[in-house]
Amino acid sequence: MGRRQFTCPAKEEFDNVRIRVEYKWGQKKWPPRDSPRHYRDSGILYWSVGPPGAGSAAWMRSVECNVMEKGVGQWWSVDGTYCDAEAIKLVLDHAPWVPYRGESDGETCFVYQQGFPHVTVPASDGITPSMEYEKPHGEWNVCEVVAWGNVGIHLLNGSVNLVLTNPRYREGNREIPLNHGRIQLQSEAAELFYRKVEARTIDQIPATLLSLVPTQQDGDTGFVPLFGRDAADGWAQCGPGHFTIENGVATGYGGMGLWWFTNRMFTNFVLRGEWVQEQDIADSGVFVRFPNPGNDPWLAVHNGHEMEIGDPKPEKPTDATGSIYPFSPPVNVPVKTYGQWNTYEFTCVGHNYSVRINDQLVNTWTDRKQRSVAGYIGVQNYNDGKTVRHRNVRLKELP
């Protein structure tokens, strides 16, 4: 993809983007942030929307990667935005291990660290890193943002110091996702030098960063089960073969066919479920966002998207379990031995898709051809003489 250099604010809008800037601090500070306790402060504001001046009478509504002494990578709300992160709220005076010490007595802040509880951070709070990677004053630093789908990853000098998910804001009773927009650079009364400001469109999260991206949420609050009492309860068979349900487990026979949830279509969502292959490389798949297939299962193949279930080590990488078939292979396939149950999490937001297998994020992909962003959900039965079973399929809608 193309790389662009710009002055702030960038006139072009970006959805999935990697931003890279080099900066170093000068000596000067100006009122009202010139007291000894005020850190030198600036920031990268991405996915910026709406009019200038909406946030603090200066900036567009946006997601912030703060550039501040002792706090590079921080997130602060700009014009009512909020997000999710692995973080805990602390009184900074009581947490001497946190690099950012605050600018007032008794200041509280959420502190990010991978493995902390997954929480929603409101607009009234901020998130600060638990580690400091900034070079000594006066030396050049590299600050980066990887913004993809509904994930923001902040890096300083090559090290990740904050990961946030689901940035959003409210308009009345509606939650609006914040996942595209312009880029702004802040100036907050401190001398700062920027150089080599670049932005590059991306279609996936780099493989080296996938392990740092948390699941959409801890637990199943808000998820709705999709399986009914029997195979005809809200579901229908399309094409050859059939499914049965016994004790909440759906088993496919024959094929190639598609068993699909007929009650309604879905747009942005997280789909979770479990599957077991009773024999080695038994074939199936989970389909999303396809139109009413009638009696033609190929409509789902050609118009929706599939998370492949099959061979963990095929000759062709896009045939592997966890592939968004046939477009994007997984970076690894952490499946269990056949006969054991596996879990998946298939997230669809806009034209961005991600797959998590057994709690590991293995695939992120942007559909630049932009097939439908709404449709039905189904599972595949395949005529290979082998058996795949599904259970505990549930869904939570996203903004």
**Message:** On a 1.4 Å probe surface of the protein chains, which of Thr215, Thr267 comes out largest in accessible area, and what is the full order?
**Reply:** Thr267, Thr215
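Over the chain, average the accessible area per residue using a 1.4 Å probe and give it in Å², no decimals. Could you put the intermediate results ahead of the total?
Values: 16980 Å² over 399 residues.
With all protein chains present, the chain gives 43 Å² per residue.
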**Asked** Separation of the stretch 215-232 and the stretch 167-207 by C-alpha centroid, Å?
**Response** 33 Å
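Leaving out ligands, DNA and RNA, what percent of the accessible area of the chain is carbon and sulfur, probe 1.4 Å? All intermediate terms of the calculation are to be shown ahead of the outcome.
On the way: 8260 of 16980 Å².
It is 49 percent, rounded to a whole number.
Within a Cβ distance under 13 Å of Pro314, other residues only, what is the Lys/Arg minus Asp/Glu net charge? Walk me through the intermediate numbers first.
Working: positive: Lys313, Lys316; negative: Asp280, Asp283, Glu308, Asp311, Glu315, Asp319.
That sum, taken over residues with Cβ under 13 Å, equals -4.
Keeping every protein chain in place, order Phe346, Phe223, Phe327 by accessible area at 1.4 Å, biggest value first, i.e. largest first.
Largest accessible area first, the residues go Phe327, Phe223, Phe346.
With the cut-off at 1.5 for a/c, could you classify the stretch 290-397 from its C-alpha gyration tensor as rounded, prolate or oblate? Please report the intermediate quantities before stating the final value.
Details: a/c = 1.44, a/b = 1.21, b/c = 1.19.
Because its axes are fairly even, with a/c under 1.5, the stretch 290-397 counts as rounded.
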**Request:** Among the chymotrypsin sites (Phe, Trp or Tyr not before Pro) in the stretch 48-125, which ones are in a DSSP loop with at most 13 other Cβ atoms within 10 Å of the Cβ? Mind listing them?
**Result:** Trp97
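Let me know the shape class of the stretch 15-158, please: from the alpha-carbon gyration tensor, a ≥ b ≥ c as square roots of the eigenvalues, rounded when a/c is under 1.5, otherwise prolate if a/b is greater than b/c, or oblate. Let's see the in-between values first.
Details: a/c = 1.22, a/b = 1.07, b/c = 1.14.
Verdict is rounded for the stretch 15-158.
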**Asked** For Rg/Rh (Cα atoms, Kirkwood Rh), the choices are (i) 1.03; (ii) 0.97; (iii) 1.00; which was calculated from the structure?
**Response** (i)
**Request:** Would you list, by chain and number, the lysines whose Cα falls below 27 Å from the Cα of Lys316, excluding same-chain residues fewer than 8 positions away?
**Result:** Lys336, Lys369, Lys386
**Message:** Mean-square fluctuation check for the chain, GNM, Cα pairs under 10 Å: which of Gln74, Gln279, Gln114 is largest?
**Reply:** Gln279
**Request:** With a/c under 1.5 counting as rounded, go ahead and sort the stretch 254-307 into rounded, prolate or oblate using the C-alpha gyration tensor (a ≥ b ≥ c being the square roots of the eigenvalues; past the cut-off, prolate if a/b is larger than b/c, else oblate).
**Result:** oblate
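The values are calculated or read from the model by the stated rules, or taken from the named source; none is laboratory data. Everything numeric here is computed off the predicted structure, so don't read it as measured data. Cβ sites come from the backbone with ideal geometry, for glycine too, and all protein chains shown count toward neighbours. For accessibility, only protein heavy atoms count, side chains too; no ligands or nucleic acids. Shrake-Rupley method; radii C 1.70, N 1.55, O 1.52, S 1.80 Å.
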